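Presented below is the structure to which this report refers.
The values are calculated or read from the model by the stated rules, or taken from the named source; none is laboratory data. Every value quoted in this text rests on a predicted model; they were computed, and no experiment measured them. Cβ sites come from the backbone with ideal geometry, for glycine too, and all protein chains shown count toward neighbours. Just so you know, the surface numbers come from the protein's heavy atoms only, side chains and all, with ligands and any DNA or RNA stripped out. Shrake-Rupley method; radii C 1.70, N 1.55, O 1.52, S 1.80 Å.
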Amino acid sequence: MTTVAAVSQQIWDMKYRFKSPDGSPVDKTIEESWRRVADAVASVEPDPAAWAERFYKALEGFRFLPAGRILAGAGTGRTVTLFNCFVMGTVPDDMGGIFEHLREAALTMQQGGGIGYDFSTLRPRGAPVKGVGADASGPLSFMDVWDAMCRTIMSAGSRRGAMMGTLRCDHPDIEAFIEAKRDPNRLRMFNLSVLATDDFMRAVAEDAPWELKFDGAVQRVVQARALWDRIMQATYEVAEPGVIFIDRINRLNNLWYCETIAATNPCIPADAWVDTADGPRQVRDLVGRAFPALIDGEIHPSSPDGFFMTGVKPLLRLRTVEGYEIRLTADHPVRTVTSRSRWRMEHVWRSAGELLPGDEIVLNDPGEAVRWPGPYSAAEGYLIGLLIGDGTLKEDKAVLSVWPEAAAANGAAVIDGMMATAMEAARTLPHRSDFVGWSAVSGRGEWRMSLGALRSLALELGMTPGNKAITPRIERASSAF
């Protein structure tokens, strides 16, 4: 029989030894625990008896030590997990989603799993909760709810629940998160860690200002080094929080191609377009390099590695009634409108898979402040827009059409202005000396303009007769276009 230290014998008896409901031991010895585990994991093999013996030899003498949930649960016939740890999904910033994730956490812990959550997605304390006329209580208040749940639930066996909670270094509540464990009665079921990014560590090295922000809005600015010193002081005095160098971990992760550690894992395909300060670019062109993302008219530098491959996943197609479309994974967050008035609009982030027909979403508006160079002019862009909208691309020419007599929706003045602008733009293209512009089509109430040069431009941009789709070359044109 294997001889171990008294404390080891006690831990095995408390946490890993299989016992009946009345507490009497089923595993008489540590060897019997190994045999139970070996038989259980070999049961799915083609020759269970042979593999059970191999597995037992690996376990014997502690040559191989499986994770605790395997030692405690394999072969017991109980409905428990054999995985020790679960990094849970993204916590949505709304009450229903928060408590749905609390439920998932409770069920996971009931079956013996430890859980990890990133609470950075929750709005900071004091932020307005639109639609109910209240202020948000902040992520730490909801962590208190998780903590109470964890204290209540006894995980499988004698194991109390264990949780990891993280918060990004740029979240407005990061200072309260750093100091939370100074209260000896708070968040006792959590280990806490700050998600420190490469940008933050550079700011610490340079003693630079550091923006604390949520949902793109900066709430205040602190000195990065002072914030770092605050983390270190708390760690020295109360052993919390830890620090997770999240960008480095994801760069060095062997499974980088299919997961993102301790963070949300929203994905879009390589051919998706992203607004940058250099103009629209496809994701495939931004893999492995930094780029200046253009979000609602403001420039936000990406991480040094830009986009990275996460693997192959099923995609949803999100389409708006206006015709905008994007393909994305079900867990990709989308800004969803919750309330709207003449003066303001409230929104929350929801996973794409949770959206329902009729939900109103917020699209990125690159704005007019940032301009970028490139081929093609504003006049050419105006004509191409009309061609895609209500034009016809033929083998020998491009034809634009308008119906002034059916202008009830936009008004006659708008149609007249559009025709005049199109005429002015058309004269910037090569044209014959006898070019007259718009011509009325008898009996149809329609006016047409035929342009051979517009056909040539459309073909150059990658369009073909019968296919007037927006092409990659159109996306890469100048901001004026």
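In segment 94-110, which residues have a backbone nitrogen under 16 Å from the label point lying 7 Å from residue 141's Cα in the Cα-to-Cβ direction?
From segment 94-110, the list is 94-99.
Take every Cα pair under 8 Å in the chain that's 6+ residues apart, average their separations, divide by the length, and report that relative contact order as a whole percent.
It rounds to 8 percent for the chain.
If you roll a 1.4 Å probe over the chain with all protein chains in place, what percent of the accessible area is carbon or sulfur?
55
Can you give the local net charge around residue 479? Use residues other than it whose beta-carbon is closer than 9 angstrom to its beta-carbon, Lys and Arg +1, Asp and Glu -1.
Spelling it out: positives minus negatives among the neighbours equals 0.
Check every DSSP H run in the chain and write down those whose alpha carbon atoms cover 15 angstrom or more along the long axis and whose mean Kyte-Doolittle hydropathy is -0.5 or greater.
Span-like helices in the chain: 30-42, 48-59, 95-110, 139-152, 224-238, 378-390, 412-426.
Could you list which residues have their amide H under 5 Å from that of residue 214, counting only those 5 or more apart in sequence or on another chain, with H placed in the peptide plane?
219
Using DSSP to define loop residues, name the GluC sites (Glu not before Pro) in segment 1-54 whose beta-carbon has at most 11 other beta-carbon atoms within 10 Å.
When the GluC sites (Glu not before Pro) of segment 1-54 are filtered for loop state and at most 11 Cβ neighbours within 10 Å, nothing remains.
Work out the FRET efficiency for residue 290 and residue 125 from their Cβ-Cβ distance, taking R0 = 25 Å, and round it to the nearest 0.05.
For residue 290 and residue 125, the calculated efficiency is 0.20.
Taking the simple approach of a point 7 Å from Cα along Cα-to-Cβ for both residue 2 and residue 459, what is their distance in nm?
In this crude label model, residue 2 to residue 459 measures out at 7.8 nm.
(1) 1.33; (2) 1.50; (3) 1.09: which one is Cα Rg over 2.2 N^0.38 Å as calculated from this entry?
From the options (1) 1.33; (2) 1.50; (3) 1.09, the structure gives (1).
What are the lysines whose alpha-carbon lies under 20 Å from the alpha-carbon of residue 397, with same-chain residues fewer than 8 places away excluded?
Those lysines meeting the cut-off are 468.
Would you kindly state how much longer the chain becomes between residue 225 and residue 254 on full extension, computed as 0.36 nm times their sequence separation minus their alpha carbon distance, in nm to one decimal?
Stretched out fully, the residue 225 to residue 254 stretch lengthens by 7.3 nm.
Take 344, 186 and sort them by solvent-accessible surface of the protein heavy atoms, 1.4 Å probe, largest at the top.
So, going from the largest accessible area down, we get 344, 186.
Would you rank 435, 64, 83 by solvent-accessible area, highest first, keeping every protein chain in place and using a 1.4 Å probe?
So the residues, ranked largest to smallest area, are 83, 64, 435.
Counting Lys +1, Arg +1, Asp -1, Glu -1, what net charge surrounds residue 1 among other residues with beta carbon under 15 Å of its beta carbon?
In short, -2.
From the protein chains alone at 1.4 Å, what is the descending order of accessible area for 150, 85, largest first?
The most accessible residue leads, giving 85, 150.
Under 15 Å from the Cβ of residue 324, count the other residues' Cβ atoms, weight Lys and Arg +1, Asp and Glu -1, and hand me the total.
My count for the surroundings of residue 324 gives -3.
For residue 307, what accessible surface area do you get with a 1.4 Å probe? Give it in Å², rounded to 10.
Here the residue's solvent-accessible area equals roughly 60 Å².
For segment 22-28, in order, what is each residue's ³J(HN,Hα) by Karplus, 6.51 cos²θ - 1.76 cosθ + 1.60 with θ = phi - 60°, in whole Hz (x at glycine and Pro)?
8, x, 6, x, 8, 7, 6
Label residue 319 and residue 104 with points 7 Å out from Cα along Cα→Cβ: what is the distance between them in nm?
Inter-label distance under the simple model: 2.9 nm.
Determine the per residue accessible area of the chain with all protein chains present and a 1.4 angstrom probe, expressed in square angstrom.
54
Just to confirm my numbers, what's the Cα centroid distance between segment 1-65 and segment 418-442 in Å?
86
Which value at 222 nm does the chain reach when only helices count, each DSSP H run of 4 or more adding -39,500 (n - 2.57), with the total divided by all residues and rounded to the nearest 500 deg cm²/dmol?
Rounded to the nearest 500, the figure is -9000 deg cm²/dmol.
Counting other C-beta atoms within 10 Å, and keeping those with at most 12, which DSSP coil GluC sites (Glu not before Pro) do you find in segment 338-378?
Filter output for segment 338-378: 368.
Given R₀ = 60 Å, what would the calculated FRET efficiency be for residue 9 paired with residue 273, taking r from the Cβ atoms and rounding to 0.05?
Efficiency computed from Cβ-Cβ geometry: 0.45.
What accessible area, in Å² to the nearest ten, does a 1.4 Å probe give for residue 215?
Surface open to solvent at residue 215 totals about 70 Å².
FRET efficiency for residue 237 and residue 346, Cβ-Cβ distance as r, R0 = 56 Å, nearest 0.05?
0.90
Could you tell me the accessible area of residue 179 in Å² (1.4 Å probe, neighbours in place), rounded to the nearest ten?
Result for residue 179: roughly 50 Å² accessible.
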